[in-house]
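Below you'll find the structure, written out as structure tokens, and then a few comments.
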């Protein structure tokens with residue numbers, strides 16, 4: 001063990017004798033390590049972030065969207081196959097075991113309060129929306145069934161919209177204006193942050209769907225953008241999804257082209273999609289980082305070869321006083337490995353800096369975890385071993401007489 | 001022809017490797033260096049160069065031998081073989097009874113480490129490395145513990161009169177001082193043989209005398225066998241024996257009956273050294 005530290009110490013001395021060159025040599029390794037560590041941290045953080053965002057949608061959700069694209073939806077639309085409040089009612093009646101089901105339609109509109117006016121998402125939903133989506137009413141109260149049935153001029157308000165329109169004041173008891181209509185704010189919702197698709201879930205006001213159709217987005221009576229149901233637990237999601245599909249098939253007779261005019265998705269589908277995207281992204285980023293590490297390693301090998309060549313006389317002297325080939329080989333290997341490990345440590349420092357900058361820019365919590373540190377050190381050590389082998393071998397193979405003759 | 005059977009050689013090599021105190025004593029008996037019909041051929045392209053042809057040489061312990069000869073005479077090849085840096089193409093080279101010509105690369109490294117000290121014309125000190133660390137170098141490859149290494153290296157530096165320069169780097173030392181550090185490095189392992197290749201070739205006449213006095217003193221006081229290559233006659237004249245090499249053969253082998261006079265004895269010179 002002490003022999004190893006001795007080699008490391010000798011390597012450090014040797015590296016210390018040509019500081020600038022050593023620094024330039026390990027620059028590649030430094031950047032490569034920093035890239036790997038940052039990318040891994042970024043990937044992990046992004047995954048957590050997305051996972052949290054998906055979680056923020058609610059739990060065990062089943063979505064029904066209007067099918068879109070491929071011209072088929074237009075055909076469907078002409079035939080009148082669009083999601084409607086009636087579909088939700090049918091599911092509510094026929095599918096047992098759902099925790100809750102709600103409808104959702106949204107449009108951006110200019111909304112005014114007595115203080116401010118701002119563009120905010122205006123959502124038409126029903127009394128179960130808050131339950132399905134997992135919001136909490138932090139001030140005031142939820143929408144009631146009576147208000148939904150009566151198309152009352154009331155609304156709930158999200159955190160961001162509330163701040164935009166009312167500042168720090170509590171909006172409950174005040175009213176907002178959309179066009180010529182006034183809606184009284186009955187409740188304020190807890191903040192949720194962004195969806196995985198990048199929309200702010202708190203920059204919205206929510207009102208009874210009937211009221212929304214009548215006053216905010218007329219001309220689409222009964223139509224909704226989506227139906228959202230929530231299952232009581234993850235085990236029942238698939239069964240309930242199939243039941244909902246059955247009901248929807250009955251509601252919407254199969255169109256002439258045989259394609260369904262709606263799409264059913266579960267929250268898990270989002271998660272899988274996101275996982276896939278991040279999986280591919282990580283592979284790409286890690287590959288790029290690995291390439292930079294490889295290039296860094298080749299740089300180290302190159303300089304080590306030059307160094308072996310320049311130090312032929314030193315090697316000759318060492319051989320003359322009794323160094324065995326393996327002593328010489330180990331000396332240069334230790335030097336390469338010490339060099340790359342120093343690069344790795346410096347790379348960790350750089351990564352820490354990079355992560356702080358990214359944290360600042362993205363507003364995500366990121367950190368250098370223990371695994372990343374271990375990976376960086378392991379990688380740089382291995383890099384030294386792999387790329388130091390050829391120069392070390394070359395040094396060890398030198399003929400002492402030839403080496404001593406070198407000027 | 002082989003006076004020492006192979007198993008004896010192996011046992012002795014092991015003793016050498018173990019650094020046994022008895023080893024040096026065991027080596028005293030027979031001639032320390034014995035070359036029997038040693039030759040070296042180099043193949044350079046289509047030609048074969050006979051650098052050394054059928055050399056017979058026997059050097060007893062404690063002798064100071066000068067090897068002289070023109071460049072290309074084969075004296076460098078002879079020195080390389082004596083120093084176990086090269087192996088003979090044919091013939092037998094026994095060092096302390098051990099047939100070292102047939103040993104493996106690592107065995108020859110061991111022999112160089114245990115039995116031979118080198119002094120080069122160009123000093124060959126590691127640059128940007130202190131005198132002390134330079135002197136420690138052979139002990140490093142012997143696996144001597146750090147504390148012991150330091151102690152022996154300081155002792156060797158003291159012996160060459162450079163104790164006060166232990167922390168100096170080669171570029172902070174004069175040529176004569178550098179060569180004395182190199183001699184300390186050769187001495188630190190207490191080898192029976194010192195091989196010096198033009199040790200004063202890069203030195204002026206005053207430092208040449210100092211270095212030669214030091215080497216002679218080692219022969220006289222320590223019983224070291226000194227084999228020295230030189231082309232300077234007055235240096236060769238100080239040796240017990242002068243071997244002239246020409247065209248790969250030993251042309252003359254003369255003993256200097258009376259040592260040249262008019263020079264101070266070793267210890268005095270050493271004490272007066274700067």
Looking across region B:41-69 at residues that are under 20 Å from the mean Cα position of the chain (by Cα) and closer than 17 Å to residue B:247 by Cβ, the single one that is surrounded by the fewest Cβ atoms within 10 Å (Cβ to Cβ) is B:56
Considering each of B:44, B:77 in turn, give the residue that is within 14 Å of chain A (Cβ to nearest Cβ) and at pLDDT below 90. B:44
Select from region A:290-334 the residues that are surrounded by 22 or more Cβ atoms within 10 Å (Cβ to Cβ) and more than 14 Å from chain B (Cβ to nearest Cβ) and list them in ascending order. A:293, A:296, A:297, A:300, A:304, A:308, A:332, A:333
Members of region A:381-407 found to be in a helix (DSSP H, G or I) and surrounded by fewer than 21 Cβ atoms within 10 Å (Cβ to Cβ), listed by number: A:381, A:382, A:385, A:386, A:389, A:390, A:393, A:394, A:401, A:402, A:405
Screening B:191, B:199 for residues that are within 28 Å of residue B:34 (Cα to Cα), touching a strand residue (DSSP E or B) at 6+ places or on another chain (Cβ under 6 Å) and away from every other protein chain (no Cβ under 12 Å) leaves only B:199
Residues being over 13 Å from residue A:321 (Cβ atoms), touching a helix residue (DSSP H, G or I) at 6+ places or on another chain (Cβ under 8 Å) and in a helix (DSSP H, G or I): count how many of those fall in region B:152-171. 7
Considering only region A:129-142, state which residues are touching a strand residue (DSSP E or B) at 6+ places or on another chain (Cβ under 6 Å) and surrounded by 22 or more Cβ atoms within 10 Å (Cβ to Cβ). A:129, A:132, A:135
So which residues in region B:30-59 are touching a strand residue (DSSP E or B) at 6+ places or on another chain (Cβ under 9 Å) and at positive phi? B:37, B:54
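Yes/no matrix, rows are residues, columns are (1) in contact with a helix residue (DSSP H, G or I) (Cβ under 6 Å, 6 or more places away or on another chain); (2) assigned to a helix (DSSP H, G or I); (3) away from chain B (no Cβ under 14 Å); (4) over 30 Å from residue A:392 (Cβ atoms):
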| site | (1), (2), (3), (4) |
| --- | --- |
| A:5 | no, yes, no, no |
| A:35 | yes, yes, yes, no |
| A:47 | yes, yes, yes, yes |
| A:54 | yes, yes, yes, yes |
For region B:203-213, indicate whether the set of residues that are buried (at least 22 other Cβ atoms within 10 Å of the Cβ) and without any contact (Cβ under 8 Å) to a residue 60 or more places away in the chain is non-empty. yes
Among what's in region B:153-177 and is within 14 Å of another protein chain (Cβ to nearest Cβ) and crowded, with 19+ Cβ neighbours inside 10 Å, pick the residue that is farthest from residue A:9 (Cα to Cα). B:156
For the condition in a helix (DSSP H, G or I), more than 8 Å from chain A (Cβ to nearest Cβ) and surrounded by 19 or more Cβ atoms within 10 Å (Cβ to Cβ), what is the one hit in B:149, B:114? B:149
Restricting attention to region A:161-173, does a residue exist that is surrounded by fewer than 19 Cβ atoms within 10 Å (Cβ to Cβ) and within 27 Å of residue A:86 (Cβ to Cβ)? no
Output the number of residues of region A:12-29 satisfying the condition of being surrounded by 17 or more Cβ atoms within 10 Å (Cβ to Cβ) and either away from every other protein chain (no Cβ under 14 Å) or within 42 Å of the chain's Cα centre (by Cα) (or both). 6
In region A:95-125, what residues are within 23 Å of residue A:169 (Cβ to Cβ) and either more than 29 Å from the chain's Cα centre (by Cα) or surrounded by fewer than 20 Cβ atoms within 10 Å (Cβ to Cβ) (or both)? A:109, A:110, A:111, A:112, A:113, A:114, A:115, A:116, A:117, A:118, A:119
Given (1) in a helix (DSSP H, G or I); (2) closer than 23 Å to residue B:183 by Cβ; (3) more than 9 Å from chain A (Cβ to nearest Cβ), identify the lone condition not met by residue B:107. (2)
Of all the strands (runs of 3 or more DSSP E) wholly in region A:186-283, which have at least 1 residues that are at pLDDT below 85? A:262-266
Answer residue from region B:211-238, given it is under 14 Å from the mean Cα position of the chain (by Cα) and in a loop (DSSP other than H, G, I, E, B) and is modelled with the lowest pLDDT among those: B:223
Considering every residue within region B:118-135, establish whether at least one is farther than 19 Å from residue B:35 by Cβ, part of a strand (DSSP E or B), more than 8 Å from chain A (Cβ to nearest Cβ) and within 17 Å of the chain's Cα centre (by Cα). yes
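The values are calculated or read from the model by the stated rules, or taken from the named source; none is laboratory data. Predicted, not measured: the structure shown is a model, and the values here were computed from it. Don't worry about glycine lacking a Cβ; one is built from the backbone with ideal geometry, like all the others, and counts go over all protein chains shown.
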